[in-house]
Amino acid sequence: MKRDDFPHIDMVSNQACLLTFSQVISEATSNYIAQVTQHLAKLSGIVDLVPSYTTLLVVFDDDHYDRFAMFKTIRQTIDVIDPNDFSIKDQREVVIPVYYGKEVGPDIENVANHCKLSIDEVIKRHHETTYRAYAIGFTPGFAFLGNTPDELHVPRKTTPRLKVPVGSVALAENQTAVYPSVTPGGWQIIGRTPINLIDWGSKNLALIAMGDSVRFEPISRDEFLVQGGQLDGF
Amino acid sequence: MAFKVIKPGLLALIQDLGRHGHQSIGLTTGGPMDEVAFRWGNALLDNDSNSAQIEITFGMFTLEAQAATSIAITGADLAATLNDKSITPWQTYAIKKGDVLAFHQPVWGLRAYLAVKGGFLCEPTLGSVATVMREKIGGLNGKGDKLQKGDLLAYQAYHDHQQSSVPRLAIPHYGNKEIPVILGYQYQSFSALERANFFSSDYKVSSNSDRMGYRLEGQAVHSDLKGIISEGIAYGAIQIPKDGQPIVLLQDRQTIGGYPKVGCVTRVGGSILAQQKPGDIIQFTPITVDQAERERHLQMARLAQWR
């Protein structure tokens, strides 16, 4: 079968199918996926949608759809979407305050050494870039943000930490992220935010949604503490 | 009115059919590991199909009733007793005030389901009471805790008990070790030899298996793909990590991942898999999506017909 007709649809199980939009990660693909996700979310009988970098997993209620009906519905939805329409109406910019530095970012010195930059230059490059949320996963509210500038690319730690404190801002390869909850983690930690990324009592639950653009804003130690930031956790 | 937990056992969790619609923010679904057994429990009592039940893993779990009701027990045979008298699963029992219900240890299978008339009364979080301990969500207090000694599992008292049992034909056979697998869209990335190995080998359930996934030990299989761009993981997906040992991802799975997948276990197959204990041996057998649909329809039709 020829597979150059993106997006293509594959059955994963009798209750799920996977839409593949591209073989390569790009902002255009991410936009397209965000649009299709928004459209499909309005349909009844769709149980769950899991958008990622180049794919969208669609979980459907098999009382509503068999696979033929599902394929047809997805095709009809995709047909009305212009993949080059970059004006997603509810695309948001999320700003995350970060207290950078050794006290809460124990890997910032390693990162600086690895990248042959000063600590201040690491902070500057990290917060001057606007990122895109390509995927949410790993733990609830964990947004994979890309891309970091080339000079900030660092490998994951060889031994992951067993406990990464809530709010830790970290780097790995060409991505950056904030840890929404205490979990094990192997990313290089450079700072911490005082704000919550996940709140089961809020309307959106997660602060960052797939497709959002995200910026980091440096704050001082005092501001961090005033906003409720915690210094312990390691 | 409530059941009081006398002995909490190894792992007893409040579950319904799961918390759906939030995987886009990375929140897993939870839900009963043996969905077939769970659905029969509610059907036996003429409950709503999503009514909350207790999933009892392994046993050593004892409750005392504070009021009359009807219960149904389905799933594993955990050598249950009612006031020290043996009772068998897949049927209903009348409960009166002061009765002591105990689940001892596995005779057959691993996870039993306790349903009560009208369902256990419990405040949902994001539309579900399903307990996911890792995410600290669901359960009695909404914080994802497993059941503890002294917990009160509330229900509406009920006095009009009706004896009923699941037809023998519909009771799953946990001794059947052939787990059906829908061939995946990444199946082509496994060579003919690797596929043959996967479907002809015995796999042992690892002691690292849990509600998140069943890890298997046996013949390693390898994909031509080194890794894939992280993508959504469906219930039942069989990931092949670098060491080639398959992992079947189940109810508490992570939502996205970057390992190639050889195929997907159905909910009916996953229900049988979830009844296997560490050390048990299973095999995989290939099926088509069409066969999986028919199997599912047959199962749902049996439930509907019975009701």
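Rounded, prolate or oblate: pick one for chain A, where a ≥ b ≥ c are the square roots of the eigenvalues of its C-alpha gyration tensor, a/c under 1.5 means rounded, and failing that, prolate if a/b is larger than b/c, else oblate. Judged from the Cα gyration tensor, chain A comes out prolate (a/c at least 1.5, a/b above b/c). I need the shape label for region A:1-85. Rule: rounded when a/c is under 1.5, else prolate if a/b > b/c, else oblate, with a, b, c from the alpha carbon gyration tensor. Prolate shape, in that a/c is at least 1.5 and a/b is the bigger ratio. Among residues other than B:P278 with Cβ under 15 Å from its Cβ, the summed charge is +2 (Lys and Arg +1, Asp and Glu -1). The mean count of C-beta atoms from other chains within 10 Å of the C-beta of residues in A:53-61, rounded to a whole number, is 4.
Taking Cβ atoms as reference points and 13 Å as the exclusive limit, the residues near B:Y174 contribute a net charge of -1, counting Lys and Arg as +1 and Asp and Glu as -1. Residues whose amide H comes within less than 5 Å of that of A:F142, counting only those at least five positions distant or on another chain, are A:G137 (H built at 1.01 Å from N in the peptide plane). Placing a label point 7 Å from the Cα of A:E93 along the Cα-to-Cβ direction, the residues of region A:127-146 whose backbone N falls under 16 Å of that point are A:127-133. Per residue, the convex hull around the alpha carbon atoms of region B:144-272 comes to 170 Å³. Counting beta carbons within 10 Å around each of A:L49, A:L40 and listing the fewest first gives the order A:L40, A:L49.
Taking 26 Å as the straight-line reach from the Cα of B:K149, the lysines in range (excluding those fewer than 8 positions away in the same chain) are B:K4, B:K7, B:K85, B:K96, B:K97, B:K117, B:K136, B:K277. Arranged from fewest to most other beta-carbon atoms within 10 Å of their beta carbon, B:T92, B:T285 become B:T285, B:T92.
The spacing between region A:72-149 and region B:277-307, judged by their C-alpha centroids, is 41 Å.
Simple rule: put +1 on each Lys or Arg Cβ and -1 on each Asp or Glu Cβ in region A:108-234, find the dipole, and look at A:V214, A:I119, A:P184; the Cα lying farthest toward the positive end is A:P184.
Computed from Cα atoms, the angle from the helix B:289-306 axis to the main principal axis of chain B rounds to 10 degrees. Using a/c under 1.5 as the rounded threshold, could you call region A:174-234 rounded, prolate or oblate? The axes a ≥ b ≥ c are square roots of the C-alpha gyration tensor eigenvalues, and prolate needs a/b larger than b/c, oblate otherwise. Taking the square roots of the gyration eigenvalues as a ≥ b ≥ c, region A:174-234 is rounded. Computed about the Cα centre, the dipole magnitude for region B:178-306 is approximately 220 debye when only Lys and Arg (+1) and Asp and Glu (-1) carry charge, each at its Cβ. Here A:K42 is the anchor, and the lysines within straight C-alpha reach of less than 22 Å, apart from those fewer than 8 places off in the same chain, are A:K72, A:K89, A:K203. About its Cα centre, the dipole of region B:39-146 is roughly 100 debye, where the only charges are +1 on Lys and Arg Cβ and -1 on Asp and Glu Cβ.
Among A:K163, B:K146, a tally of other beta-carbon atoms within 10 Å of each Cβ gives an order, fewest to most, of A:K163, B:K146.
Counting Cα-Cα pairs of region B:2-170 in 5 Å increments starting at 0 gives whole-percent bin shares of 2, 10, 19, 24, 23, 13, 6, 2, 1, 0. The angle between the Cα long axis of helix A:67-79 and the longest principal axis of the Cα atoms of chain A comes to about 70 degrees, rounded to the nearest 10. Sequence-ordered 3J(HN,Hα) estimates for region A:161-174 from the Karplus curve with 6.51, -1.76 and 1.60 and θ = phi - 60° stand at 6, 6, 9, 9, x, 4, x, 4, 9, 9, 10, 7, 6, 9 Hz, glycine and proline given as x. Taking every residue in B:245-256 and counting other chain Cβ atoms within 10 Å of its Cβ, the average works out to 2.
Pairs of Cα atoms nearer than 8 Å and 6+ residues apart set the relative contact order; for region A:93-226 it is 36 percent.
Our helix-only sum for the protein assembly as shown, with -39,500 (n - 2.57) per DSSP H run of n ≥ 4 divided by its residues, gives a mean residue ellipticity at 222 nm of -5000 deg cm²/dmol. Applied to region A:27-36, the Karplus parametrisation 6.51 cos²θ - 1.76 cosθ + 1.60 on θ = phi - 60° returns per-residue 3J(HN,Hα) values of 5, 5, 4, 4, 4, 4, 4, 4, 5, 4 Hz, with x for Gly and Pro.
Assuming charge only on the beta carbon of Lys and Arg (+1) and of Asp and Glu (-1), the dipole of the protein assembly as shown about its Cα centre is about 1060 debye to the nearest 20.
Centre-to-centre, using Cα atoms only, region A:1-57 and region A:163-183 are separated by 27 Å.
Only the coordinates and a few stated rules stand behind these numbers; no lab work does. Because the structure is predicted, anything quoted here is derived from the model rather than measured. Cβ sites come from the backbone with ideal geometry, for glycine too, and all protein chains shown count toward neighbours.
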